[in-house]
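K.L.:
Mind looking over this structure? Questions follow.
Since every read-out is calculated from the coordinates, none of them should be taken as a lab result. The shown structure was predicted, so the numbers you read here are calculated from the model rather than taken from an experiment. Please note: Cβ atoms are built from the backbone with ideal geometry, for glycine as well, and neighbour counts cover all protein chains shown.
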Amino acid sequence: MTASALLILIISFVAANLPWISERFFIVFMPAGGVKRVWMRLIEWLVFLLLCIVFSFGFEQKSLGSVHSQDWEFYAVFISLFVVFAFPAFVYRHLVLPLYYRKSL
């Protein structure tokens with residue numbers, strides 16, 4: 001695996017986990033009430049997915065000089081990989097934190 005492919009994977013991993021770890025909307029804005037809703041996290045995740053795709057195109061253009069055409073299979077695999085990358089932070093947010101903050105009986 002080349003260093004450029006590893007860099008894209010690391011950036012994608014971080015971007016997929018950011019919506020589930022941070023309580024700020026797009027890492028900047030504090031939501032009303034101080035709690036980020038699930039739909040806000042999904043929108044943020046989708047925007048980060050699109051930004052990673054654009055970054056990958058730009059990085060490929062810069063490093064190789066041209067962008068190879070991709071069919072729908074490439075995007076299906078990329079989206080699936082982004083979902084898998086988001087799994088650790090999703091589990092942390094929705095399974096671990098509620099147990100941590102649960103009051104004992």
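K.L.:
Take Phe48, Phe26, Phe59 and order them by how many other Cβ atoms sit within 10 Å, fewest up front.
P.N.:
On the way: Phe48 22, Phe26 13, Phe59 16.
The order, fewest Cβ neighbours first, is Phe26, Phe59, Phe48.
K.L.:
Relative to the Cα centre, what is the charge dipole magnitude of the chain, using +1 at the beta carbon of each Lys and Arg, -1 at the beta carbon of each Asp and Glu, and rounding to the nearest 20 debye?
P.N.:
Around 640 debye, computed over the chain.
K.L.:
Got a sec? How would Phe78, Phe85 order by Cβ neighbour count within 10 Å, fewest to most? Present the calculation step by step, with values, prior to reporting the outcome.
P.N.:
On the way: Phe78 17, Phe85 20.
Going from least to most buried by this count: Phe78, Phe85.
K.L.:
Taking the Cβ of each residue in Arg102, Arg24 as the centre, tally the other Cβ atoms inside 10 Å and list the residues starting with the fewest. Before the final figure, lay out each step's value.
P.N.:
On the way: Arg102 8, Arg24 14.
Listed from fewest to most nearby Cβ atoms, that is Arg102, Arg24.
K.L.:
Continuing with this model, one more query. Charges on Cβ only, +1 for Lys and Arg, -1 for Asp and Glu, centred on the Cα centroid of the chain; of Gln61, Gly33, Phe13, which one is farthest towards the dipole's positive end?
P.N.:
The residue sitting most towards the positive pole is Gly33.
K.L.:
State, as an integer percentage, the relative contact order of the chain based on alpha-carbon contacts under 8 Å between residues 6 or more apart. If you can, show how the numbers build up before the last one.
P.N.:
Working: 62 pairs, mean separation 38.5, N = 105.
Worked out over the chain, it gives 37 percent.
K.L.:
Scan around Phe25 for amide H atoms under 5 Å from its own, H built in the peptide plane at 1.01 Å from N, and keep only partners 5 or more places away or cross-chain.
P.N.:
Met30
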